[in-house]
Amino acid sequence: MVQHGEKPCAFQGEDRSENTFSPPEEIPPVPRQADRSPEFDCPATAPADQITTALDWMKSFLTTPHPDIGRKGAVCPFVEPAMRGRTLHIQHRRLPPDAAPAHISALVEDMVHTFATARWNHPNKTLHALVTVIDGLPPHRTTVLDDAHPLIKPSLVRRRLMLGQFHPTCPETAARNPDFPVSQSPVPLLALRHMAFHDILFLHHDPAYFTAYAQTYGHRYRRSTIPDPHFTDLYTRACRTWDITP
């Protein structure tokens, strides 16, 4: 595994752009660590070119604003502070060219174990993310990540985890702009992170998902300190829809 900023990188991420907005208080400033080398030191078995390509995309796309994202700020406001805090871990895994959803599920369970046992350089769990760059899939097979995602998600949400899939033809769109395919990356990858406050955007439509979210963040809404009225509206409507006491 490589660690960005030290010896290489949810993102916060199921986070596509639909999953990449968070209120400012969710992301406290992370001081730059000037004493650490910014260079990447990849294990001998890891394809440095693929990892570099993934990191370049994160830096050039995810950390910058985009006119189609549907809101102000970076496509993913987590990535830059996570890189500064060296809490964006990246690893490489090879899959068989005919990989099925079961292969992806096994890979994700391996990621969950790695994520749970990793040593993190910053205590803010919102900034913890594990990215797996995937090798071995031919271009026409990268859609297996899309096929596997809805099969894996229920188990992850129960564990308060979120997963994002990214590849060159990924159809996932921004939460605030359904015409913007925000999860199209130059190389296939998966990103695992903790459930975050902004995940109301992706969890309000399903009773089991929303129940897990409400159990985790409902107290925030009861305090009426939500900076984004869109979040409050989604939460209130989901409570009515799924007959959950706010």
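We did not get these values from a lab; they are worked out from the coordinates using the rules stated. Just so it is clear, the structure is predicted and the values come from calculations on it, not from any experiment. Methodologically, a virtual Cβ is constructed for each residue, glycine included, from the backbone with ideal geometry; neighbour enumeration extends over all protein chains shown.
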query: Looking at segment 199-246, which trypsin sites (Lys or Arg not before Pro) are DSSP coil and have at most 11 other C-beta atoms within 10 Å of their C-beta?
result: R223
message: Can you compute the charge dipole magnitude of segment 43-197 about its Cα centre, using +1 on each Lys and Arg Cβ and -1 on each Asp and Glu Cβ, nothing else charged? Give it in debye, rounded to the nearest 20.
response: 740 debye
I200, I226 arranged by Cβ crowding within 10 Å, fewest neighbours leading: I226, I200
field: For L151, L62, L88, order by how many other beta-carbon atoms lie within 10 Å, fewest first
entry: L151, L62, L88
